[in-house]
1. Report, to the nearest 10°, how far helix A:83-95 tilts away from the longest principal axis of the Cα atoms in chain A, using its own Cα long axis and a range of 0 to 90°.
2. Ranked highest first by the average count of other Cβ atoms within 10 Å around their residues, in what order do A:246-256, A:265-275 fall?
3. Tell me, B:Trp9, B:Trp177 in order of fewest to most beta-carbon neighbours within 10 Å?
4. By count of other Cβ within 10 Å, fewest leading, how are B:Ser92, A:Ser92, A:Ser152 ordered?
5. Below 15 angstrom from the Cβ of A:Tyr94, what's the summed charge of the other residues (Lys, Arg +1; Asp, Glu -1)?
6. Fewest first, what order do B:Glu52, A:Glu216, B:Glu128 take by the number of other Cβ atoms within 10 Å?
7. Treating region B:130-199 as a set of equal point scatterers at the Cα positions, no solvent, please give the Debye-formula log₁₀ I(q)/I(0) at q = 0.12, 0.15 Å⁻¹.
8. Return one quarter of the surface area of the convex hull spanned by the alpha-carbon atoms of chain A, equal to its mean projected area, in nm².
Amino acid sequence: MKSFRQALEAGEFLFTAEAGPPKGVDVSIMLHHAHDLRAKVHAVNVTDNQSSVMRLGSLSACHLLLGEGLEPVFQLTCRDRNRLALQSDLLSAYVLGIRNVLALTGDHVLVGDHPGAKPVFDVDSVQLLQIIDRLNSGRDYSTKSPKGETISGGNELQGTPEFFPGAVVNPELEPLEPQLIKFEKKVQAGAKFFQTQAVFDHEKFARFMNYARQFEVKILAGILLLKSAGMARYLNNFVPGIKVPQHLIDELKSAPNKAEAGIKIAGRQIRELRKLCDGVHVMAIGRQGYRRDTNPTTRHVNTTY
Amino acid sequence: MIISRQKPWDELTACLDGKDKLFLVGCGSCATVCLAGGENEVKEARSKLEAEGKQVTGYVIGQEVCHLLDMKRELRKHKAEVAQAQAILVFSCGAGVQSLAEISELPVYTATDTLFLGNIERFGRFVERCSLCGSCILNETGGICPVTNCAKGLLTGQCGGAENGKCELDQERDCAWVKIYQRLEKLGELDKMRRPVPFKDYSQGAKPGRRVVERKKIA
């Protein structure tokens, strides 16, 4: 099977899913889900202390997924690491076989379960992409030589990594223009693929794609698997950047089997969006408790891939 | 202006345990304006302390408590009152408190929490505007500081969580980057938002607290 990068460069329609590391050290459920996804998706994103809730690290979870025969996308946020830690973790990831990196600024610590923690944000997503680009050139982002002289262009690395960097964009934000400016900065900083925030409004997405098509990057539309009207309302109220429209909430509310309805909605979205973009990124938030054989991510991917 | 706020009374008096004779210092500048340590607040504190059995040996409202030489002179004028005191209680920002700690041998306590550098929006309402980061980018951002006004202090543009121009953390709060965008657009300077932004040099910032500025020649 082609790697994520090879498939992307070959112009295949891409499927990625999402794995959330556990809060703790029991990785069995995560690995069960991962096992189910094998050979069904091109890559699996591993979230990095998602929503600022402390969990097992993205880096080691990526490594475990590799061991399961899955290609990970290492989500890396700037919330918890300064520029030294970001670069060091990137190098660590590389020697463990991790190639795809999704550069994120990260949610604020205030939305998570350690609200008193110091939010780092030494650099942000655009600058993290610049860091990855620099590492890919065989140099780091240091400003001082081993002799103590001030330098520009960084110090040389022993061995040059070859990361495949991606980023995120929210195509439904209003006003959109500042988001597009940042998108363009991410492209210039070296992002090769974008996984979008959950898409619900296809007109807005088409408007975004119309703009994005001028750049040589691949766009994977974010598909968020809804499981109930309550979940949709919760997302609208508490998850930054997500807006589930009322007609989908109504559809879920009136459906006899909410989970099935959610999968149906996602399938419909994928069929419509695939005409516009290069792939889909399926997020199955809060489905970790599902039994293996009913894992909706797998089923969903099965029915559409 | 430096915005400070008086500590909760219980917290304040807890640290004065065993110190029954106090000399009070207020500040005629910022702390007066933000109602944390002007003459009114110091007098009010004096009454409350006396009601709790403390003796206030005297007080002074320095013009600028952060001005070391001025405060040295002020304290000298109140030498006798200070001599009777077991401790000095200061109603100013943290810099002012440290003036007294540097000038006096007595134990020095702060009556305030120092909050931020900000503006007076209207009487009694103060908003944070500057983080004293030491490398100002206001020229690039239409005079609106993202280091201070963006919850994440982002330098390269908005995050993905802003909704209708409001911050993802607080629907009452404007997204700094949406405001910057709107202002630069109005000024016809949107190209500034597209420019690459250098990494912030934190060695110019507040830590490790070694910042000293000295003008060699003063006309």
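Just so it is clear, none of the values below were taken in a lab; they were calculated from the coordinates. Since we're looking at a predicted model, the values are computed, not measured. All Cβ positions, even for glycine, are placed from backbone atoms using ideal geometry, and neighbour counts span all protein chains on display.
1. Tilt of helix A:83-95: around 80 degrees.
2. Descending packing order for the listed peptides: A:265-275, A:246-256.
3. Numbers: B:Trp9 13, B:Trp177 28.
Lowest count first: B:Trp9, B:Trp177.
4. A:Ser152, A:Ser92, B:Ser92
5. Local charge sum for A:Tyr94: -1.
6. Details: B:Glu52 11, A:Glu216 7, B:Glu128 14.
Least to most surrounded, the residues fall as A:Glu216, B:Glu52, B:Glu128.
7. Results for region B:130-199 at q = 0.12, 0.15 Å⁻¹ read -0.28, -0.44.
8. Approximately 16.2 nm², given one-decimal rounding.
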